[in-house]
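What follows draws every value from the coordinates through simple rules; no lab data is involved. Just so you know, these numbers come straight off a predicted model, no measurement behind them. Virtual Cβ from ideal backbone geometry, glycine too; neighbours counted across all protein chains shown.
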Amino acid sequence: MTDNFTKNKNLYLAVFLFFAFFFSLTYSLYFRIKPSVDARAYDLIAQNIASGNGYRESLNVPTLEDNSILRVGPGFEIFLAMIFFIFGHYYIAVWIIQAVLHALTAFLVFIIARKIFFGHKERDIIGFISALFIGLSPDLITISGMLMAETLGVFLVALTLFMFFRSLDGEQISYSGTFITGVAFGMATLARTPAMLLFLPIAAYFLVKNRIRHLIIFGVTALFVFSPWIIRNYIVYRTFIPTNLAYGIDLAAGNHPGASGELEPYSRNDEVIAQYGKIAGTRQLTKEAISFIFNNPEEFLKITANRISIYFSFARPTGFWFHLSGISQMATLALSLIYSALLFIFGFLGIWFYLNNKASYGDRVLWLLYMAIMMPLAVIFIMVETRYRFLIYPPLSIFAGIGVSALFGGLISRRNLFIIPALLLSNTVLDILRNIDRILDRISSL
């Protein structure tokens, strides 16, 4: 089977990538989701950029009072603006391009797996299974039909991983590959701020390998990508803002007395912003959150434990979006729940199998694991929502590919096959019990 697949892998991959694109675009065209809430804000900002009015959400208020700097960005808004500038304000253009990005993410995951498992006889199978986890993801297909930053963010995270591993060739590391890795990392961070933590394992790799020049190239290149936005923000706000001011609001919303660890309304945010303004208000909220953390370490640890539990819980499916109802909502919830269960179970099986068979895979897989760890680490101290998990999908899908390959190869013991799903299921049950009232309310609303 492996030999037959290897011989025809290009055909299989091409057909699969076409269907990944087709499913994504078909979903978008069927639901034709109109932007609302965050997506509406991104849409307005992109329209203003494309029209030459600058990075503004509203033209009816002074720039210093505009909410655009409080939004996640600016990467996705600039991405949208480029599409609107070229094609006009047509959502179908966005849907087509996001469907392409969705398929390309699956392709990049396939290539990353091949790079990591170079010389391993199962590398094509592992790569293809990994791509399946991305291309057939109901979560990623759903989000690709919206004007949300996750599709672009997931693609850029995959691109960063791809360029990093592509630049490695034995003991040689390509300078040009390091440069492009810095560009991809910078763009990923501007699109989804949690991607910033990828800097740590990439920089650590260069330090461990004593590649100081590569570290400098990577850091300077990323800084170069950030520079125009940093300069713009300094000119407008007279202060250093590397990405946006959402961090203070999110940090306070996730860390205060009675916080659940989830994305929930927090009235104190609006009060402080109204009283102090955008910049001073964000700093005040950050100060309050940090004060809460240090003065209430036990409650903070409890909230953080809840966030970790939420992050890896199966009971957090995508499906409560406003455009879904009835059968479509039930189907989305069921498929998302099944998908998250399979991804996390096989992903952790793959991680466990790798850790017990390091000699067979080399250290590149270990660095991929470090990168995967950065994604939950970036949010579990702030707040967690289902879509915040999407950035871990590219690296975790590769470990899921290892898990599936090892399972069907008869290489995973019955003990591990029982323990890991049992642990993840136990966490899900605890998450359900902690939030039973909310879950019952949501079920009754279906």
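When only alpha carbons are used to place a centre, the range 397-439 and the range 81-145 end up 25 Å from one another. A straight chain from Phe87 to Ile231 at 0.36 nm per residue would run longer than the Cα-Cα distance by 49.0 nm.
Distance from the Cα centroid of the range 194-217 to that of the range 251-272 is 34 Å (rounded to whole angstrom).
Between Ser174, Ser413, Ser137, the Gaussian network model of the chain with springs among Cα atoms under 10 angstrom shows the greatest mean-square fluctuation at Ser413.
In the chain, the inverse of the mean reciprocal separation of distinct Cα atoms equals 22.9 Å; this is its Kirkwood hydrodynamic radius.
Amide H contacts of Val384: Glu262, Leu263, each under 5 Å away and 5 or more positions distant or on a separate chain (H built 1.01 Å from N in the peptide plane; Pro and chain starts excluded).
Restricting to lysines 8 or more places apart or on different chains, can you count the pairs in the range 2-445 with Cα atoms under 30 Å from each other? Number of lysine pairs found: 15.
Backbone N atoms of the range 31-71 closer than 17 Å to the 7 Å Cα→Cβ label point of Ser325 belong to residues 31-36.
Largest GNM mean-square fluctuation across Ile141, Ile69, Ile420, computed for the chain with C-alpha springs under 10 Å, falls on Ile420.
Residues whose amide H lies under 5 Å from that of Ile173, counting only those 5 or more places away or on a different chain, are absent; hydrogens are built 1.01 Å from N in the peptide plane. Of the trypsin sites (Lys or Arg not before Pro) in the range 61-149, the ones in a loop by DSSP (not H, G, I, E or B) with at most 14 other beta carbons within 10 Å are Lys121. Per residue, the Cα convex hull of the range 259-385 amounts to 161 Å³.
Per-residue ellipticity at 222 nm, computed for the chain from helices alone with -39500 (n - 2.57) per DSSP H run of at least four residues, works out to -23000 deg cm²/dmol.
Helix 75-87 and the longest principal axis of the Cα set of the chain meet at an angle near 90°.
Using alpha-carbon positions, what is the distance between the centroids of the range 314-329 and the range 334-375, in Å? The range 314-329 and the range 334-375 have Cα centres spaced 26 Å from each other.
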